[in-house]
1. Could you line up Met101, Met111 from fewest to most neighbouring Cβ atoms inside 10 Å?
2. In what order do Leu149, Leu98 fall by count of nearby beta-carbon atoms within 10 Å, going from fewest to most?
3. Do any GluC sites (Glu not before Pro) in the range 118-147 lie in a DSSP loop with no more than 10 other beta carbon atoms within 10 Å, and if so, which?
4. Cut-off is 10 Å between beta-carbons; in what order do Phe159, Phe107 appear when sorted fewest neighbours first?
Amino acid sequence: MSNSNIDPLPSSRGSRTLALPRHPLLSAQELQLERLRQEHNRQGQNAVDQMRASWGEFVDEAGIVAPHYAPFHPGYLDEQSRPSPPRWTPARAEEERLRRMVNEETFEVIMQHLEANRKRARREKVAKEAEERRKQNELSPAERATVRLWIIAVSTLLFSGFCLAVAMYE
C-alpha cells in the first residue's frame, strides 16, 4: 500500500522509517539545493585551481599542498619560485568567516565598525596608560609641601645673597 505522496525518511533511531507527506514544492526545493551544491562544488574547484596556480603540481585534489614539500624537505621550492600563500591569523580567519556570511557591502560596513572599535580601544588604552603614568609621577601633598619649602628657602638665600652683594658694592 504505497502512496507516491509519502516519503520514507529515517528517524533518529536509524532502523525505523518515518513517513511524511510530500510537499508539492519539495521537488523545486530539491532542484534549488542541487543547484547550490553544484555552485559550491564549482567554487571549491576554483579555489583548488587557484592553489594549483600558486603551488603547481604539489596541490592534491582537495587543494592541500603536499606535506613533503614543507620548508624542511630537500625538494621544497624556494621563496622566489612560488608566490607565498596568505598569512592566516585569527583576525584574518574571522574576517573570512564574516565575508562568507554576509554580502560585500555589509562586510565592508562591519569591517569599518570593527576598525573603528579597534582604534577606539587603542586610544582608550593609551589614555589609561598616560593617566597611570601621570598618577605615578604626581607628588603627594606632603611631598609638594616639602618642595615648596625648599623653593622658598633657596629663593630666600639667593635674594639675601643678592642684597649682600649690592650692599658690599656700595
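Coordinate-derived values only; no laboratory data. Since the structure is predicted, the reported quantities are computational estimates derived from the model, not experimental observations. With ideal geometry, Cβ positions are generated from the backbone for all residues, glycine too; neighbour counts draw on all protein chains shown.
1. On the way: Met101 10, Met111 13.
Listed from fewest to most nearby Cβ atoms, that is Met101, Met111.
2. Working: Leu149 10, Leu98 14.
Arranged by neighbour count, lowest to highest, Leu149, Leu98 become Leu149, Leu98.
3. Numbers: sites: Glu124, Glu129, Glu131, Glu132, Glu138, Glu143; in loops: Glu138.
Qualifying residues, ordered by number: Glu138.
4. Working: Phe159 10, Phe107 15.
Ordered by Cβ neighbours within 10 Å, fewest first: Phe159, Phe107.
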